[in-house]
Amino acid sequence: MFNTGGIYSVFYSGYFVIITVASILLGLYYGLFLALVASVLILYLGVSASFDTLDLIYKIVPLFIIAAPSGIISEYVAYYSIVRENLKNEIEEKNVQLTKYIKEIDSLQKQLIEQEKVKILETFTEDMSHVLKNPLMSIGGIADILDRKIKEGKIENIDEYLKKIKTESNKLNKVLNNVLQISDGKMVFEDVDIIALFDEITTDFRKRINNLTFSVNLDEHIKFLKLDKKKFTVAINNIIDSLLEPKKESVIIFIQSYQRAISNKKILIIEISNRQHIIPQVILNNIFEPFVSGGSTKKGIALPIVKNVINLHGGKVDVESNENGTIFKITLPIL
């Protein structure tokens with residue numbers, strides 16, 4: 001350095017480059033060591049060249065100033081590189097364990113699902129046997145009575161017995177329709193005239209039940225809805241059936257619809273009610289669960305079918321029952 005211009009030559013900046021590179025690549029201690037070596041050389045050359053002491057300090061101190069932060073940064077980078085590598089290895093190990101646990105959980109879940117399927121099937125079979133048993137026994141009993149009377153030549157009141165058979169057959173038909181709704185998850189949507197549909201439904205009920213009256217007030221501004229007509233009809237029939245009380249001298253079912261807007265989306269609300277019918281609270285709490293029973297009243301799968309069908313239409317169904325009667329409220333999107 002002395003022979004090429006002394007401390008003020010470009011070779012002096014080479015110390016900074018060497019110390020910085022050494023500090024970054026080799027670490028703090030190597031950088032400080034090189035700064036110390038460079039300081040000794042500078043002192044030696046500076047004293048030999050009779051440089052001012054303050055000037056020498058200005059030349060030496062920056063070497064340590066550049067060595068220290070560069071070395072510290074290098075140490076932190078090396079440390080965090082090791083930490084990152086260890087963390088990466090730990091994450092990979094955890095991923096392997098997690099994959100193993102997921103496979104085990106998936107296997108257990110499949111086993112539980114299979115067990116639950118068996119349990120549900122057993123419960124469904126047992127409950128369905130009770131639902132079907134009564135009408136089948138009634139039909140069998142009436143058929144035996146008719147057979148005996150015909151053999152004895154007593155043909156009076158045959159129409160009454162045939163009417164009973166027809167009634168029990170209708171009960172079986174309703175149960176089978178509901179079972180078909182469970183097994184058939186396909187939806188066939190079409191534009192359905194909602195006013196005409198309710199007219200068909202209420203007309204059919206009036207033909208079958210003498211003491212039944214309907215009070216219908218539907219919003220005429222909403223005439224067509226995207227519905228699966230067959231499934232929606234079954235749902236409405238199930239609701240009306242649940243509101244009927246055969247022992248009453250007369251039953252009035254109120255049906256109305258109106259529009260509402262929720263979050264800038266139009267919906268149609270359909271209310272079906274019987275103001276004289278009260279559902280026990282013990283059933284009301286779980287009324288949309290299959291085969292819910294409480295006291296002397298028992299529900300089968302009709303109302304769970306209602307909930308499922310309305311959900312498949314993108315809507316929901318609620319029920320309220322108190323001293324003012326029972327009301328089912330269906331909410332459907334207007335597309």
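The values are calculated or read from the model by the stated rules, or taken from the named source; none is laboratory data. Since this is a predicted model, take the numbers as computed values, not measurements. As a convention, Cβ positions derive from the backbone with ideal geometry for all residues, glycine included, and neighbour counts pool all protein chains shown. What goes into the accessible areas is simple: the full protein's heavy atoms, side chains included, and nothing from ligands, DNA or RNA. Shrake-Rupley method; radii C 1.70, N 1.55, O 1.52, S 1.80 Å.
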Subset of the range 311-330, residues over 17 Å from F189 (Cα atoms) and out of contact with any helix residue (DSSP H, G or I) (no Cβ under 8 Å at 6 or more places or on another chain), comes to D318, E320, N322, E323, N324, G325, I327, K329
Restricting the range 325-335 to residues that are farther than 17 Å from K223 by Cα and not hydrophobic (A, V, I, L, M, F, W, C), the one surrounded by the fewest Cβ atoms within 10 Å (Cβ to Cβ) turns out to be K329
For T233, the lone unmet condition from (1) touching a strand residue (DSSP E or B) at 6+ places or on another chain (Cβ under 7 Å); (2) at pLDDT 90 or above; (3) open to solvent by 20 Å² or more (accessible area, probe 1.4 Å) is (1)
### Query
Quick check: is even one residue across the range 130-143 part of a loop (DSSP other than H, G, I, E, B) and at pLDDT 65 or above?
no
query = Within the range 205-218, is there a residue that is open to solvent by 70 Å² or more (accessible area, probe 1.4 Å), of a type in the set (A, V, I, L, M, F, W, C), modelled with pLDDT under 85 and under 22 Å from G315 (Cβ atoms)?
reply = no
If we ask which residues in the range 312-324 are surrounded by fewer than 17 Cβ atoms within 10 Å (Cβ to Cβ) and either at positive phi or in a strand (DSSP E or B) (or both), their number turns out to be 5
Scanning the range 279-296 for residues that are touching a Gly at 6+ places or on another chain (Cβ under 8 Å) and surrounded by 15 or more Cβ atoms within 10 Å (Cβ to Cβ), the one modelled with the highest pLDDT turns out to be I283
Taking the range 253-291 and keeping only residues that are farther than 20 Å from A196 by Cα and β-branched (V, I, T), one is left with I262, I278, I279, V282, I283, I287
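Residues checked against (1) open to solvent by less than 90 Å² (accessible area, probe 1.4 Å); (2) modelled with pLDDT of 70 or more:
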{"site": "F64", "(1), (2)": "yes, yes"}
{"site": "G71", "(1), (2)": "yes, no"}
{"site": "S81", "(1), (2)": "yes, yes"}
{"site": "R84", "(1), (2)": "no, yes"}
{"site": "N89", "(1), (2)": "yes, yes"}
{"site": "K94", "(1), (2)": "no, yes"}
{"site": "L112", "(1), (2)": "no, no"}
{"site": "Q115", "(1), (2)": "no, no"}
{"site": "K119", "(1), (2)": "no, no"}
With criteria (1) modelled with pLDDT under 75; (2) under 17 Å from N237 (Cα atoms); (3) more than 32 Å from the chain's Cα centre (by Cα), L176 comes up short on (3)
